[in-house]
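Report on one structure; see the data block that follows.
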Amino acid sequence: MRTTRALAAAGAAVAVLGLATPVAVAKDGMNLSPSNVVALPSVIARGGQLTITVNNCTGPATASSDAFPTVTLRTGPGNVATGRATVNQNARTGSHSISVVCRNGTVINPTAFTVIGGVRGGLGGSSSTGATPTDMAIGGGLVALAVIGGGVFWMRRRSERHI
C-alpha cells in the first residue's frame, strides 16, 4: 500500500514538473511565432460572421481571406488575438484559408472554414404557391380513411362488450 502511494506521489510530481518546464522555457528564452488559427463556426453560410482566434500573436494583427475583407485583430491576455469577420455574400462555396499577419510573424490555415450555399428560410423550403389539387386529394383521402377505420374499430369494440 505504501509503495502505491509513493509511486502516485512521484508520478504527480513528475507530471507537474514536466508540464511546467516547457512553459517556463518558452516564456523566458524563445521567440514565439503565431500559431493555431481557428475560425468559428468552421462551417458558415454567406453573410455569416466568423470569430477568428490566433495564439502567440503580438502587436497589431490582421486577418485576411478571399471570402472576407481584411480585419484587424485585437491582442489580449496571453498573446491571443481575436476578431470578427463577415463572409461576403458572393463568396464561393467550399473551403477557404485565413492568413494572419502579426508583429512577430505570419501564419496561414489553408482550410480554416467552409462556406456553404445560402439557406432558404420562412416556409421550410416548400413552394409559396400552396398545396396542389393532388396534394389536397391525397390528404382528404387519408383523413377519410382514418375516420372510417376509427369508426370500424369503435363499432367492433362496442359489439364485444355486449356479448
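The values are calculated or read from the model by the stated rules, or taken from the named source; none is laboratory data. Please read these numbers as outputs of a predicted model, since none were measured by experiment. Counting neighbours? That spans all protein chains shown, and the Cβs are built from the backbone with ideal geometry, glycine included. Side chains included, ligands, DNA and RNA excluded: accessible areas come from the protein's heavy atoms. Shrake-Rupley method; radii C 1.70, N 1.55, O 1.52, S 1.80 Å.
When only residues in the range 129-163 that are assigned to a loop (DSSP other than H, G, I, E, B) and open to solvent by less than 100 Å² (accessible area, probe 1.4 Å) count, which is modelled with the highest pLDDT?
Per the criteria, the residue is 132.
Report, by residue number, each residue of the range 49-70 that is part of a strand (DSSP E or B) and surrounded by 18 or more Cβ atoms within 10 Å (Cβ to Cβ).
50, 52, 53, 54, 61, 63, 65, 68
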